[in-house]
Amino acid sequence: MNSNMSVEQVQTEDFADLKAFEQRLMEVVAYVRPYAWKWTVLLFLVAICTIYGACYWILDEETSKVSFLQSLWNHPFFATSCSALILLCMGGIHKRVFSPAVITARCRNVLDNFNMSCDDTGKLILKPPRSGPTQNRVPLLRWPNDLDSRVADHTAHQHNQ
């Protein structure tokens, strides 16, 4: 950092990365949300069709008299909608439906280490400072003591040769 920079310039420069991160997070959430809505509608429609077909399948008197495969053959609407529901679930539709919530939840988890959070749209929320000096802070990573001594021994050994 240049010593001639004013406090305002430093703050603007420091917050530029934060604003860029916030803007990108909001873009990602806004991009994913319409697709999640479409997948939710599709899942809802297929589930309603499956429930509707299942009611007719169960209430049919022939269902108990014939084999399972023959009863499915007699009710193609139920068989098709149930197959579509199974394929959608195996294809991971649940991941597509909940993707905006997953993205924001993971971001909240990471941002908590920096005393921040975000709302459902991706807008950053600055939290007030924590009361304790070590409360909920990420510990600094350090070399293990035995590794430090091995590194020191190795460099001393190299200098002696």
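The values are calculated or read from the model by the stated rules, or taken from the named source; none is laboratory data. Predicted model only: the values in this text are computed from it and were never measured. Ligands, DNA and RNA are excluded from the accessible area calculation, which covers all protein heavy atoms including side chains. Shrake-Rupley method; radii C 1.70, N 1.55, O 1.52, S 1.80 Å.
So if I average 1/r over every pair of distinct C-alpha atoms in the range 22-115 and take the inverse, what Kirkwood radius in Å does that give?
Numbers: mean 1/r = 0.0630 Å⁻¹.
About 15.9 Å for the range 22-115.
Please compute the length gained on full extension between E27 and N109, using 0.36 nm multiplied by the number of residues separating them and subtracting their Cα-Cα distance. Intermediate values should be presented prior to the final figure.
Working: separation 82, 0.36 × 82 = 29.52 nm, distance 1.90 nm.
Fully extending the segment from E27 to N109 adds 27.6 nm.
Could you work out what % of the accessible surface of the range 63-113 is carbon and sulfur, using a 1.4 angstrom probe and leaving DNA, RNA and ligands out of the count?
Values: 2380 of 3470 Å².
After summing per-atom areas, the C and S share lands at 69 percent.
In Å², what does the accessible area per residue of the range 14-130 work out to with a 1.4 Å probe? Before the final figure, lay out the partial values.
Working: 8320 Å² over 117 residues.
Accessible surface, normalised per residue, equals 71 Å².
Between T63 and M90, what length comes free when the chain is fully extended (0.36 nm per residue of separation minus the Cα-Cα distance, one decimal in nm)?
Details: separation 27, 0.36 × 27 = 9.72 nm, distance 2.71 nm.
Gain in length upon complete extension: 7.0 nm.
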